[in-house]
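The values are calculated or read from the model by the stated rules, or taken from the named source; none is laboratory data. Source: prediction; values computed, not measured. Methodologically, a virtual Cβ is constructed for each residue, glycine included, from the backbone with ideal geometry; neighbour enumeration extends over all protein chains shown.
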Amino acid sequence: MNKINILLTDDHVIVRNGIKMLLENEKDIEVIDEASNGLESIAKYKELKPDIIVMDIQMPQMNGIEATTELKRLNPDVKILILSMHDDEEYILDAVNKGAMGYVLKDAGNEEFLRAIHTINNGGKYFSGAVSNVLVNKYLSQQGEDFLSKKVVKPSTPQKHIDLTKREKEILSYVVDGLSSKDIAQEIGKSVRTVEAHRFNIMKKLEVKSAVELVRKVSEEPELYNLLISK
């Protein structure tokens with residue numbers, strides 16, 4: 001089995017140790033090295049060529065956004081997962097525009113973090129609930145303008161049959177309305193983890209890789225829109 005090689009980049013040793021402890025239990029993931037700032041991360045990427053770089057934002061000497069910019073310049077195909085405490089729109093949009101393929105908050109559960117790693121390794125994008133909410137609201141506020149057009153895959157041809165459960169239709173309608181996973185969980189009386197699992201299944205069924213693509217797909221495909229109306 002080929003393992004997913006990870007380069008951890010965070011200036012806090014305790015954070016890196018915690019992530020390593022989590023990933024040590026995963027047979028298909030291996031932390032091959034660590035870096036404490038963006039400059040170290042770039043140097044070690046050149047040497048080791050990891051599959052994914054897990055990157056913090058606020059670090060000394062060079063922050064994660066600057067490092068992401070330079071890494072994408074060196075190799076446009078490099079896979080970077082931002083792991084940060086910041087849920088501010090400015091940080092999120094900057095990271096995505098600079099080429100990060102994922103953005104997960106540090107208070108996310110272990111399952112979500114692992115899901116993000118596997119999704120990105122398989123060529124997809126992954127944004128945790130609060131982050132997706134920022135991206136969706138940005139897209140909605142621009143009313144169909146080409147927000148992140150270079151980063152978002154154009155919708156595929158509409159499927160002849162879209163098999164969504166009643167609960168998935170309900171959650172999809174909330175996502176389209178711009179609600180976060182936490183807000184949706186409160187609306188339907190379920191846990192945030194349950195909502196995240198449903199969102200993941202919905203995106204898999206509709207063959208999209210982010211909440212922004214999901215909203216765009218609904219807005220551009222009448223069949224999906226009609227599904228939500230009839231839910």
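Tabulated values for the structure
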quantity: Pairs where the first residue, in the range 89-102, is surrounded by fewer than 20 Cβ atoms within 10 Å (Cβ to Cβ) and the second is aromatic (Phe, Trp, Tyr) and not in a helix (DSSP H, G or I), C-beta under 8 Å, 6+ apart; calculated: none
quantity: Extreme residue, nearest to the chain's Cα centre (by Cα), among residues of the range 184-199 that are surrounded by fewer than 20 Cβ atoms within 10 Å (Cβ to Cβ) and of a type in the set (D, E, K, R); calculated: Arg193
quantity: Test set (1) charged (D, E, K, R); (2) surrounded by fewer than 19 Cβ atoms within 10 Å (Cβ to Cβ); (3) in contact with a strand residue (DSSP E or B) (Cβ under 7 Å, 6 or more places away or on another chain) - Lys79 fails condition number; calculated: (2)
quantity: Check on Asp28, buried (at least 20 other Cβ atoms within 10 Å of the Cβ), of a type outside the set (Lys, Arg) and touching a Lys or Arg at 6+ places or on another chain (Cβ under 6 Å); calculated: no
quantity: Gly123 within 27 Å of Phe200 (Cβ to Cβ) and in contact with a Lys or Arg (Cβ under 6 Å, 6 or more places away or on another chain); calculated: no
quantity: Total residues in the range 5-25, condition buried (at least 20 other Cβ atoms within 10 Å of the Cβ) and closer than 17 Å to Val78 by Cα; calculated: 4
quantity: Matching residues, the range 120-132, being crowded, with 23+ Cβ neighbours inside 10 Å and at pLDDT below 85; calculated: Ser128, Gly129, Val131, Ser132
quantity: Of all residues in the range 1-42 being in a helix (DSSP H, G or I) and among the charged types (D, E, K, R), the one that is farthest from Gly109 (Cα to Cα); calculated: Glu40
